[in-house]
Amino acid sequence: MTPDPLSWIDEISEQRRRLGLERGLIPLGPGRTGRAEHQGGDLIDFASNDYLGLSGDPRVIAAAIREAERHGWGAGASPLVSGWKDAHQELSDALAAFERTEAVVLFPTGYAANLGTISALVGPGDAVFIDRLDHSSLVQGARLSGAALRVYPHGDLDRLVTALDRGRDRHRRILIATDGVFSMDGDLAPLPELVGIAERFGAMLLVDEAHGTGVLGPDGRGAASALGVADRVPIRVGTLSKALGSIGGFVAGSRRLVDHLINHAPTLIYSTALPAPAAAAARRALRIVVEEPWRRDRIQELGRRLRDRLRDGGYAVPESTGPIVPVLLGDSASAVTLSLALRAERMIVPAIRPPTVPRGSARLRIGLSTSHLDSDLDALVDAMVRLKPR
Ligand code: PMP
């Protein structure tokens, strides 16, 4: 018998199971945003990034349906062939006006936006400097590009400057790429300082606003806007899949940057455009972001209340702004046990473990949404205090 060339997978999955790292897909039934049906009952969903509750908003759904009836569901081709519809252009124009940039281009996902943008901007002979806690899509984009990858400890700008000093003569082009809001900690990057450093070293600066768009800043433009430096960030990546309740990624910047990406970003050129109904839905959601600032206020208020009450209950809740509330538990077993106990009380609160987060910093990651009711928050805090590991 010929040996099975995939048998090595069994060893890895066994090891995963032994370490308690096995993960699987759980199909959830329908429910209004913030809730889902599972095994005959309602679950409160604290795992979603649908921060403003817009994925289930009737106006957003109606926009998607209207567009599906006009254009069909799938785009059918990549943007440079025939996949770019008027819905894509209208959304790009609306996003450019919102971001106050010359232009915007869309990608199939936020992940694809980071992969494609980084690999279109740097290559062998260049260097990408990233924060240790940057999202996987920035790390993989840097790897795909073939540029040297330099990682600095989270928020440690002294180390960044030292590394830039050392690298400035060795590399042709330099890109600094950072999350605006860090996805597992919910804290903000020190963007005013980073903008200054990038300007000083003549480096390109990319800020991934995946968790900031629609949520942070006086008009919902994200972390850079909240910190007063949006206009000094030349490459802004965003996603349509979180606060905008849809699917897709975008890059906002100058016309020449966007034209360069349209011609050189592989994830745009060689991948089917996102469905036109997804673009239409995101455009409707963007209008709601602009017209209903109370949603941003509500998220901040829920976040403040939850952080205070969990700290009063004896939990370690690091400083963060906005809808991501990490609760540090340390070891993976405690995080998983608490997450499962909450699941038994019909709440989804994911346990995040290494390697997604550094060793010893396993945690629960609570994602808040304007769809959560005060009673949802009460239920979560009551259960967490009752179930707190000793
Ligand atoms: N960047 C960050 C910081 C993220 O957290 C995510 C999503 N987890 C992405 C990019 C990818 O966005 P998308 O889900 O649209 O692919």
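So the values come out like this:
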| quantity | calculated |
| --- | --- |
| Filter result (touching a helix residue (DSSP H, G or I) at 6+ places or on another chain (Cβ under 8 Å) and among the polar types (S, T, N, Q)) within region 231-262 | T239, S241, S246 |
| Where a residue in region 30-54 is on the phi > 0 side of the Ramachandran plot and its partner, wherever it lies, is more than 16 Å from the ligand (Cβ to nearest atom) and open to solvent by less than 10 Å² (accessible area, probe 1.4 Å), with Cβ under 6 Å and at least six apart | G34/H372 |
| Residue that is open to solvent by 30 Å² or more (accessible area, probe 1.4 Å) and part of a helix (DSSP H, G or I), where the choices are E69, E37 | E69 |
| Residues located in region 234-282, provided they are within 12 Å of the ligand (Cβ to nearest atom), open to solvent by 20 Å² or more (accessible area, probe 1.4 Å) and touching a His at 6+ places or on another chain (Cβ under 9 Å) | K242 |
| Residues satisfying the stated conditions in region 168-196, i.e. closer than 19 Å to V237 by Cβ and part of a loop (DSSP other than H, G, I, E, B) | R173, G180, F182, S183, M184, D185, G186, D187, A189, P190 |
| Single residue of region 187-197 satisfying the filter (touching a helix residue (DSSP H, G or I) at 6+ places or on another chain (Cβ under 9 Å) and open to solvent by 20 Å² or more (accessible area, probe 1.4 Å)) that is nearest to A280 (Cα to Cα) | L188 |
| Answer from A362, A344 - the residue that is of a type in the set (A, V, I, L, M) and open to solvent by 40 Å² or more (accessible area, probe 1.4 Å) | A344 |
| Residues (surrounded by 24 or more Cβ atoms within 10 Å (Cβ to Cβ) and β-branched (V, I, T)) located in region 211-232 | T213, V215 |
| Subset tally (residues that are small (G, A, S) and in contact with a Phe, Trp or Tyr (Cβ under 6 Å, 6 or more places away or on another chain)) for region 274-288 | 0 |
| Residue selected from region 147-167 under the condition open to solvent by 40 Å² or more (accessible area, probe 1.4 Å), of a type outside the set (A, V, I, L, M, F, W, C) and not in a helix (DSSP H, G or I), by the criterion nearest to the ligand (Cβ to nearest atom) | H154 |
| The lone exception for R200 - which of (1) within 22 Å of R166 (Cβ to Cβ); (2) in contact (Cβ under 8 Å) with a residue 12 or more places away in the chain; (3) open to solvent by 20 Å² or more (accessible area, probe 1.4 Å) it fails | (2) |
| Residue satisfying all of: in region 207-229; more than 11 Å from the ligand (Cβ to nearest atom) and touching a residue at least 60 places away in the same chain (Cβ under 8 Å); farthest from L95 (Cα to Cα) among these | A226 |
| Region 365-390 - residue that is more than 24 Å from V215 (Cα to Cα) and without any contact (Cβ under 8 Å) to a residue 24 or more places away in the chain and, of those, surrounded by the most Cβ atoms within 10 Å (Cβ to Cβ) | D382 |
| Leading residue by the ranking (nearest to the chain's Cα centre (by Cα)) among those in region 186-236 that are within 21 Å of S254 (Cβ to Cβ) and β-branched (V, I, T) | T213 |
| Single residue of R143, R173 found to be within 25 Å of I269 (Cα to Cα), at pLDDT 95 or above, within 16 Å of the ligand (Cβ to nearest atom) and over 17 Å from the mean Cα position of the chain (by Cα) | R143 |
| Test result for S183, open to solvent by 30 Å² or more (accessible area, probe 1.4 Å) and within 16 Å of the ligand (Cβ to nearest atom) | no |
| Single match in I9, I26, I44 (criterion: part of a loop (DSSP other than H, G, I, E, B) and either modelled with pLDDT under 95 or β-branched (V, I, T) (or both)) | I26 |
| Number of positions in region 94-130 that are open to solvent by 10 Å² or more (accessible area, probe 1.4 Å), aromatic (F, W, Y) and more than 16 Å from the ligand (Cβ to nearest atom) | 1 |
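The values are calculated or read from the model by the stated rules, or taken from the named source; none is laboratory data. Just so it is clear, the structure is predicted and the values come from calculations on it, not from any experiment. Here the Cβ is made from the backbone with ideal geometry for all residues, glycine too, and neighbour counts use every protein chain on show. In case anyone asks, the SASA skips ligands and DNA or RNA and just uses the protein heavy atoms, side chains included. Shrake-Rupley method; radii C 1.70, N 1.55, O 1.52, S 1.80 Å.
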